Amino acid sequence: FSVGAKPMVIWLASPLGVGKAADPMLPLKPLTAALKEADAWVEFNNQWLLYSTPWDIAMEENKKLRYLCLVGMDVDMMIRCIGRVDFPTLKEFQTKVVELTRKAKRMRITTPAGTDVSFENDPSRPILLEVGYADTPGPHFMSGQIGWSPIFETINGVIVFDGSLSPPIGLLKEPVKLHVKEGKIVKIEGGKEAIEFEAWLKSFDDPNMFYMAHVCYGFHPNAKLTGAILEDERVWGCTEWGIGNVGPMLAPPKGRPAKSHTDGICLNSSVWLDDVQLLDKGKVVHPELIELAKKLGKA
């Protein structure tokens, strides 16, 4: 109220799915109508509306809307990941990472758990720099993550999730191994959780749910692996892969629709930008980033 805002809280029955999979349980028309007129929207849902039909329409038609995704946020996470962050240094660090990544044509990622995947970047696609400021119209996210969509058909190799996988699982008790060929998951290996994940993907009866959507770096100095995907995908030195729906903000002009979306975490990643190493098992080794990492307490 002190800055002239008129806040409104919208309570919804928690959907059984996220993204487009939430649509059947949402009051689509009234929710969309409210979002089309709002100036700012902070999303705290555990079952997020990001990529849902109301979200898509609001982003397309409400050109003044500032959206901040804080799904699954709680008091502890807010204190650690928002209240106790050196934002100027983190922004400088992340901006430099984006600059280096944008120059890379080909990338490779490995992890001790068995990830070994390569892909090529499209220089015309945006790289989402998430620094926590929602001061311009459009989608914004908590600081500590950088995301983009590679050239989909160039994604080849093995991706092993050993942190969390949400939905449908959360914290993983055992690794889930994906074999990816030309951007598509062709085989899933592991134990009970791998079986559960494959069954979940198949349940949508949508071929696009087996395609990789985006890759991200995790670079939040205070993030912990908790099972809350908002925080998990920002654990320092991890890489995160999105699967399923991808919007135009990452893959313009229309993205690639799917019935839902999931994110998986690869801990302690090693990353190469062409032939230059950026990360070594989660530790920053690029000479242009080491001092900034030290200032953030990540020597």
Any residue at all in segment 267-284 that is crowded, with 17+ Cβ neighbours inside 10 Å, among the small types (Gly, Ala, Ser), under 26 Å from SER52 (Cβ atoms) and within 17 Å of the chain's Cα centre (by Cα)?
no
Options GLY157, GLY244: the member that is on the phi > 0 side of the Ramachandran plot and surrounded by fewer than 19 Cβ atoms within 10 Å (Cβ to Cβ)
GLY157
Output the number of the condition that GLU174 fails; it satisfies all remaining conditions of (1) surrounded by fewer than 18 Cβ atoms within 10 Å (Cβ to Cβ); (2) in a strand (DSSP E or B).
(2)
Filter segment 141-165 down to the residues that are of a type in the set (A, V, I, L, M, F, W, C) and in a strand (DSSP E or B) and list them by number.
PHE141, ILE146, TRP148, VAL158, ILE159, VAL160, PHE161, LEU165
So, restricting to strands (runs of 3 or more DSSP E) that lie completely within segment 92-140, which ones have at least 1 residues that are under 25 Å from VAL160 (Cα atoms) and without any contact (Cβ under 8 Å) to a residue 60 or more places away in the chain?
116-120, 128-130
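Yes/no per residue for (1) charged (D, E, K, R); (2) closer than 22 Å to GLU233 by Cα; (3) loosely packed, with under 13 Cβ neighbours inside 10 Å:
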residue	(1), (2), (3)
VAL3	no, no, yes
LYS6	yes, no, yes
TRP11	no, no, yes
ALA33	no, no, no
GLU37	yes, no, yes
ARG84	yes, yes, yes
PHE87	no, yes, yes
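Yes or no, residue by residue, for (1) without any contact (Cβ under 8 Å) to a residue 60 or more places away in the chain; (2) closer than 20 Å to THR262 by Cβ:
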| site | (1), (2) |
| --- | --- |
| PHE1 | yes, no |
| ALA21 | no, yes |
| GLU37 | yes, no |
| SER52 | yes, yes |
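Values quoted throughout were computed directly from the atomic coordinates according to the rules given, and no laboratory measurement underlies them. Everything numeric in this text was worked out from a predicted model, so none of it was measured. For neighbour counting, all protein chains shown are included, and Cβ atoms are generated from backbone atoms with ideal geometry for every residue, glycine included.
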